[in-house]
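Bear in mind these aren't lab numbers, they're just calculated from the coordinates by the rules spelled out. No experiment lies behind these values; they were computed from the predicted model shown. Using ideal geometry, Cβ is built from the backbone for each residue, glycine included, and neighbour counts are taken over all protein chains shown.
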Amino acid sequence: MTLKDKVCIITGAASGIGQGIARRFVAGGAKVVIADLKREAATRTAEELTKAGPGEAIGIEMDVTSEDQVNAGVEAVVKKWGGVDVLVSNAGVQIVHKLESFPYDDWKKMLSIHLDGAFLTSKACLPHMYKKGSGSIIFMGSVHSKEASPLKSAYVTAKHGLLGLSRVIAKEGAEHGVRTNVICPGFVKTPLVEKQIPQQAQELGISEKQVIEQVMLGQTVDKEFTTIEDVAEIAHVFASFPTNALTGQSLVVSHGWFMD
Ligand code: NAD
């Protein structure tokens, strides 16, 4: 199973988990598109990964909630590299509040980035995959695709929603050789999580140490964070798996926090 010369669009790949997946794919010989809100960071990441090789990367600015930017970005990739083989819809943010004080604008922003982003990028890539008769779509879910936590109503709702969208695309895409799967990581130390630690400590009235040891890692089998490399390895398997035997699935990678 190889991604050599496969064209892979990864959203939110200028940082954290998306960047780690991009690094893994380029190391496997892929042509990777770092699609991110942050143009400079996307370009910087692409340059760094291309230097490391043996694959190559380009950076493009893309807000996954903008239909025009998503369509323009995917079209530019198809023009440059002739198609799209893999989409990793990974861009995401976190906003935490108790439900009764959750600002409606923040709720809409969360659903838009996580769900509209997955919908719009899939919609833009699918026709190109159908034309080729093959493709792999990966959504970045979370343990919160299967489990709930206080303060995270919008995140949990969006991450559960990705399972449904993925299963529909698995059914519609099967006759065209297009597979879709969801990765569900536990806590991974990225800027998204670093930001949550003081916020949750304040909202829950506990120390930052307690947030890490009790809230984030309390249910794991070994009190360990999942790593970016762990998630990237799973992404590589989903992206390169060659048949519809592996579609419509979700895989939890969380040090046993959640067990199916
Ligand atoms: P991160 O903050 O390190 O990276 C997120 C990236 O997404 C950033 O580069 C940001 O610029 C980009 N982004 C944000 N909004 C965007 C938009 N509208 N359009 C395009 N790009 C946008 O976060 P991360 O921890 O690497 O998270 C990546 C994904 O993994 C998210 O979907 C997150 O929900 C999911 N996830 C993270 C964890 C974790 O513990 N870190 C666990 C489970 C799932």
Which residues qualify? For Ala57, with a placed amide H closer than 5 Å and at least 5 residues away or on another chain, they are Val32, Thr50
Normalised by the residues of region 207-260, what does the relative contact order come to in percent, with Cα pairs under 8 Å and at least six apart?
49
Cα extents of region 2-51 along the three principal axes, largest first (Å)
29, 19, 15
Whole-Hz ³J(HN,Hα) for each residue in region 59-68, computed from phi via Karplus 6.51 cos²θ - 1.76 cosθ + 1.60 with θ = phi - 60°, x for glycine and proline: what do you get?
x, 10, 7, 8, 8, 5, 8, 9, 4, 5
Determine the calculated [θ] at 222 nm for the chain from helices alone, applying -39500 (n - 2.57) to every DSSP H run no shorter than 4 residues and normalising by the residue count; nearest 500 deg cm²/dmol.
-14000 deg cm²/dmol
Is there a pair in Lys6/Lys123; Lys31/Lys159; Lys108/Lys209; Lys4/Lys51; Lys123/Lys195; Lys108/Lys171 whose C-alpha atoms are over 21 Å apart, and which pairs would that be?
Lys31/Lys159; Lys108/Lys209; Lys123/Lys195; Lys108/Lys171
For region 35-120, state what percent of all Cα-Cα pairs lands in each successive 5 Å bin, counting from 0 Å until the bin that includes the largest distance.
3, 13, 18, 22, 17, 11, 7, 5, 3, 1, 0
Count charges around Ile137 for me, please; just the other residues with Cβ under 14 Å from its Cβ, Lys/Arg as +1, Asp/Glu as -1.
+4
Karplus couplings for region 180-186 from phi (6.51 cos²θ - 1.76 cosθ + 1.60, θ = phi - 60°), rounded to Hz, Gly and Pro as x?
9, 9, 10, 9, 10, x, x
Can you give the relative contact order of the chain as a percent, counting alpha carbon pairs under 8 Å and 6+ residues apart?
19
Using only Cα positions of the chain, each an equal point scatterer, no hydration layer, compute I(q)/I(0) via Debye at q = 0.08, 0.13 Å⁻¹ and quote the log10 values to two decimals.
-0.29, -0.78
Equivalent ellipsoid semi-axes, region 135-260, via Cα gyration tensor eigenvalues times 5, rooted, Å
30, 15, 11
When ranked by the protection proxy of mean other Cβ atoms within 10 Å per residue, highest first, what sequence do the peptides 107-119, 36-48 form?
107-119, 36-48
Exposure proxy ranking, count of Cβ atoms within 10 Å, fewest first, for Met216, Met259, Met62:
Met259, Met216, Met62
